[in-house]
Amino acid sequence: MRDLQLSLNQTQRVRLEAALHELQSLAPAAAAAAAVTVADTIPVNDEDNILKGHGTSDQDGEVVATLCGVVERVNKLVYVRTLRARYKPEVGDIIVGRVIEIAPKRWRLEINFSQDAVLMLSSMSLPDGIQRRRTAVDELNMRSIFEENDVICAEVRGFQHDGSLHLQARSQKYGKLERGQLLIVPAYLVKRRKQHFHHLERYDVDLILGCNGFIWVGEHVVVGENTDKTEVKPALSTEVENFTPLETRKHICRLANAVRVLSALGFTLTVELIIETAEASVSSNVEINAMLGAEFYVHTAEAEAKRRADLLRKKSGAR
């Protein structure tokens, strides 16, 4: 049950095990055949002159797996892709990180990687929005832009010579994230997709699925093209702007708990599944704090098993 620690009664335990067993049986046969453990032999054709990649070894003329995972084949290359591995960044990944240090002309971020990421002062747009050279004054004002423990969204630009990541945040959709919750899930549960920024209009909430396993659920922020940062506003107006409505806060907590439940069950996180789980809690009259109870975990596993079974039945009927 993926190391799930819940206080289940006997009935709930039987229901959860049945749901997980059904999910396992619904897995594609091709994926099950490609799964290997350490020391398993990988079937290959010797005449193809295959190239042995990561997670493989040659023993007694046979290709043997040295990792647990799924066998992948790209032309002549054969390698093993681990299912539960640390985050492996790629250029263009959308990531969410937390500032841990302010260094000269750069910020260091924790992004769930073996090394810290670096966001250079020259790799982000300044608060005034003007494209110009960074001066010594800008470097002195770095703490007014981002400070320690701030949550930031950025994009992977490349790798530095020491192996650390180089980030960029020049677009207005990147930058500091406020008025929300930061959730940390295993990175393999978040798949790379065309869109990682989602505005859930029904809840007036922004959802950012970071490729590094950091997920942000927060109040929707309208990105203005021509925002005047120098405008002086009354104190009362500032307090109103900094206030998040109670209903929005409830939506944020409900969606965040939906992510926690799906992550604990080991389901791949998609915006559709997160919304479906949150709506299921509303339709079942489940309170926000009760979503983390054993009964809702079981209900979510059963609902996902039913959804996949129906989807498989539709595909079979279409054929």
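The values are calculated or read from the model by the stated rules, or taken from the named source; none is laboratory data. Quick caveat: nothing in here was measured; it's all calculated off a predicted structure. In this analysis, Cβ positions are derived from the backbone assuming ideal geometry, glycine residues included, and neighbour counts consider all displayed protein chains. Only protein heavy atoms, including side chains, enter the accessible area calculation; ligands, DNA and RNA are left aside. Shrake-Rupley method; radii C 1.70, N 1.55, O 1.52, S 1.80 Å.
Take the residues in segment 181-203 that are aliphatic (A, V, I, L, M) and assigned to a strand (DSSP E or B); name whichever of them is most open to solvent (accessible area, probe 1.4 Å).
Ile184
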### Summary
Being open to solvent by less than 70 Å² (accessible area, probe 1.4 Å), over 28 Å from Val185 (Cβ atoms) and among the acidic types (Asp, Glu) narrows Asp93, Asp138 down to just Asp138
#### Entry: Filter result for the condition that a residue is free of Cβ contacts under 8 Å to residues at least 12 places away in the same chain and more than 23 Å from the chain's Cα centre (by Cα), over Asp40, Asp48, Asp58
Asp58
#### Entry: Checklist (1) among the charged types (D, E, K, R); (2) within 25 Å of Cys253 (Cβ to Cβ); (3) out of contact with any helix residue (DSSP H, G or I) (no Cβ under 6 Å at 6 or more places or on another chain) applied to Asp138, failing item
(2)
### Task
Can you confirm whether segment 160-170 contains a residue that is in contact with a Ser or Thr (Cβ under 6 Å, 6 or more places away or on another chain), at pLDDT 85 or above and outside any loop (DSSP other than H, G, I, E, B)?
yes
#### Entry: Odd one out for Cys211, checked against (1) in a loop (DSSP other than H, G, I, E, B); (2) over 23 Å from the mean Cα position of the chain (by Cα)
(2)
